[in-house]
1. For the stretch 74-140, report the translational diffusion coefficient in µm²/s to the nearest whole number, using Stokes-Einstein at 37 °C, 0.692 mPa s, and a Kirkwood Rh over Cα pairs.
2. Quickly rank 32-43, 97-108 as a protection proxy: mean count of other C-beta atoms within 10 Å, highest first.
3. Assuming R0 = 25 Å, can you tell me the calculated FRET efficiency for the pair Val98 and Leu4, based on Cβ-Cβ distance, to the nearest 0.05?
4. Quick one: what do you get for the chain if you divide its Cα Rg by 2.2 N^0.38 Å?
5. Rounded to the nearest Å, what's the spacing between the alpha carbon centres of the stretch 62-78 and the stretch 1-43? Just the number, please.
6. When the convex hull of the Cα atoms of the stretch 41-98 is projected onto a plane and the area is averaged over all directions, what value comes out in nm²?
7. Can you give the FRET efficiency to the nearest 0.05 for Tyr150 and Arg87, using r as the Cβ-Cβ distance and R₀ = 30 Å?
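What follows draws every value from the coordinates through simple rules; no lab data is involved. Computed from a predicted structure; not experimentally measured. Quick reminder, even Gly has a Cβ in these numbers, built from the backbone with ideal geometry, and neighbours come from all protein chains shown.
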Amino acid sequence: MTKLNVGALPIRKGSGYPPPLDGPCRDRMRQALGDAAGLTQFGVNLLQLPPGCWSSQRHWHSGEDEFVWVLGGEVVLVTDAGEEVLRAGDCAGFKAGVRDGHHLQNRSGQTAIVLEVGARRPGGDDVDYPDVDLRWTAAAGPTHRDGSRYE
């Protein structure tokens, strides 16, 4: 593989969350670096969070590890334990199956840049969102907690 031209990679803006759960993440931007490199065992994204934007709804994965490294700016890491500021050079990891919802919020006045790395489990993963009425399963996609589908 040759060097990636990150500036030429497509940018995905927003999220796949059903409205209104997508609101805090509408302005987030991701570039799939791992896909561009042809990686299949783990994913790597370059995440841009403008001021006021969240990385996701607070969540935890049943079968996939996650790792984030702040490259620029600052974010607030929100977990069950509380809040912690992460600045450029700080990183955090989230072990699969640990029921500790987490996400990043940009409460600063500048865009934050974060490198995200996550496992790619064959067959997909189930994700729980403890603060909102949402579960995401490999089989059904986004559903309410009772299993009914979002319209």
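1. Translational D for this selection: 237 µm²/s.
2. 97-108, 32-43
3. Rounded to the nearest 0.05, the efficiency is 0.20.
4. 1.02
5. Cα centres, the stretch 62-78 to the stretch 1-43: 14 Å.
6. 4.4
7. Working: r = 36 Å, r/R0 = 1.19.
FRET efficiency, Tyr150 to Arg87: 0.25.
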